[in-house]
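No lab work stands behind these numbers, since they all come straight from the coordinates. Not measured: the values here are computed from a predicted model. Cβ coordinates were reconstructed from backbone atoms using ideal geometry, including for glycine residues, and neighbour counts include every protein chain displayed.
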Amino acid sequence: MSILILAAGASSRMRGRDKLLEQIDGEPLLRRQVKRALATGCNVVVTLPPSPHPRYELFDGLEAHLVAVADADEGMNASLRAGVAALPPTTKAVMVLLADMPNITLNDLNTMLEAVDLKSETKIYRATTQGGKFGHPILFHHSLFPDLIALVGDQGGKAVAQRYLKETTAVPLPDEHALTDLDTPEDWDRWRNLLPNQ
């Protein structure tokens with residue numbers, strides 16, 4: 001099992017700031033996410049913009065496989081293609097995790113992994129909110145890797161997920177964890193204001 005963290009985006013809506021370098025409890029968001037993914041015991045692949053880039057400085061001491069995405073400007077699917085292509089050939093399934101979702105915890109990642117039954121007919125395990133709305137992470141069976149590698153544009157894995165709704169199992173995560181992503185300075189301000197002791 002592998003976890004693929006998509007972190008090659010340009011943070012274009014942050015007006016000059018890099019959302020993946022935003023500090024949470026003294027740690028950049030991307031490093032925090034990678035550490036949580038590694039704590040599951042899975043192989044972790046992280047897509048990044050071409051170097052040099054400040055995000056590369058976040059990986060000291062972390063055993064993640066870094067993949068530079070030459071065509072990162074295309075959007076999320078360039079990251080998906082590069083990341084899936086870099087997975088070990090024996091990978092049975094990959095969990096695609098967006099790097100800008102700070103509410104995703106180690107428990108959430110383990111909940112996703114524990115839901116997987118590779119012998120079942122399920123091809124996709126998709127996180128939902130407590131109210132049942134689909135979100136992220138999304139876990140794909142290896143038989144769908146060609147579909148992911150064929151994607152173009154910026155839709156991400158949702159396009160493949162829509163194709164296989166009948167082979168999808170929903171995995172509820174607490175509250176709005178599966179939908180909380182932070183794309184703008186205002187998103188970050190609202191999120192920080194909701195933290196305990198703020």
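The table for this structure:
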{"quantity": "Extension gain, Glu114 back to Asn193 (0.36 nm per residue minus Cα-Cα distance, nm)", "calculated": "25.2 nm"}
{"quantity": "Exposed-site-free run, longest, the chain (rule: GluC sites (Glu not before Pro); DSSP loop; at most 12 other C-beta within 10 Å)", "calculated": "122-198"}
{"quantity": "Convex hull volume of the range 111-153 per residue (C-alpha atoms, cubic angstrom)", "calculated": "87"}
{"quantity": "Nitroxide proxy distance, nm - points 7 Å out along Cα→Cβ at Tyr56 and Lys166", "calculated": "4.7"}
{"quantity": "Helix-derived mean residue ellipticity, 222 nm - over the chain, DSSP H n ≥ 4, -39500 (n - 2.57), to 500", "calculated": "-6500 deg cm²/dmol"}
{"quantity": "Value in Å of the Kirkwood radius, where the chain supplies the Cα pairs that are averaged", "calculated": "16.9"}
{"quantity": "Over the chain, relative contact order from alpha-carbon pairs under 8 Å, at least 6 apart, %", "calculated": "25"}
{"quantity": "Unit charges on C-beta of K, R, D, E only; dipole of the range 38-197, Debye", "calculated": "600"}
{"quantity": "For the range 118-196, radius of gyration divided by Kirkwood radius, i.e. Rg to Rh on alpha-carbons", "calculated": "1.06"}
{"quantity": "Burial ordering of Tyr125, Tyr56, Tyr164, fewest other beta-carbon atoms within 10 Å first", "calculated": "Tyr56, Tyr164, Tyr125"}
{"quantity": "Anisotropy class of the range 1-81 from Cα gyration tensor, a/c 1.5 cut", "calculated": "oblate"}
{"quantity": "At most 12 other Cβ within 10 Å, DSSP loop - trypsin sites (Lys or Arg not before Pro), the range 1-82", "calculated": "Arg15"}
